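Down below is the structure, laid out as structure tokens.
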Amino acid sequence: MSQISCLFGIIISWILPSFTGKYTKKHPIIFSHLLERLTLLIIITFGETIIGIADYFKPSNSIFVFFTVASLFFAYIAEFDHLIEEKKTGQTGNLLIYLHYFILFGLSLITVSLKFISEKEANSLFAISCLYGGMLLFYIGITIAITSNKPQYNSINKMNLIGWIVSSLLIGYAISLLNPSLFIVALCSAVVGIFNAGMKVRVLYQR
């Protein structure tokens, strides 16, 4: 019963801020401060992911797992440290908070899947689905943040960018299912991550 109460309390705490917009608009937050604190939370989460994949740092395992996490971190930093407008005013901060839920849940799924994806007893379909489901959530959060980009980056073709992200995830997911070995799964996820991080860099230098 206590667990249900805790879960209910957590869900309420997630939902209620979305109904307070008209009140918080009268007392807007300092956008850059909120962004800094959320970024620190994500960095801590990435640190937990690195700890979770520590076993892959052995010579016998795939270094591509590390490349996957590193590329996700690079994409996050490119968006929230370079592309986003930090000097926004009159903001409630709700959108920034909620899009980070996608990023947090995505990283959690990725961490869990990477921990057991190399285990022979693990269901490869479930593990790969968790990995790419987590990456999808992660990129959804980053894509929503595009609406808060600096003015010089607003001219980018957002639908084209979304199309490339979705296509890369589908291709990587399909190849991983066809050959669910650790090497192929890690290689595909690394390529997908590096490709999408590269797309962010392309946006950064294509103003």
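Just a few scattered comments:
- Single residue of T49, T39 found to be among the polar types (S, T, N, Q), in a helix (DSSP H, G or I) and open to solvent by less than 20 Å² (accessible area, probe 1.4 Å): T49
- Residue within segment 169-184 that is open to solvent by 10 Å² or more (accessible area, probe 1.4 Å) and under 18 Å from R202 (Cα atoms) present: no
- Identity of the residue in segment 61-105, hydroxyl-bearing (S, T, Y) and at pLDDT 85 or above, that ends up surrounded by the most Cβ atoms within 10 Å (Cβ to Cβ): T68
- Filtering L72, L104, L125 for residues that are under 27 Å from Q152 (Cβ atoms) and not aromatic (F, W, Y) leaves a single hit, L72.
The values are calculated or read from the model by the stated rules, or taken from the named source; none is laboratory data. Everything quoted here is computed from the prediction, not taken from an experiment. Cβ coordinates were reconstructed from backbone atoms using ideal geometry, including for glycine residues, and neighbour counts include every protein chain displayed. Keep in mind that these areas ignore ligands, DNA and RNA; they rest on the heavy atoms of the full protein, side chains included. Shrake-Rupley method; radii C 1.70, N 1.55, O 1.52, S 1.80 Å.
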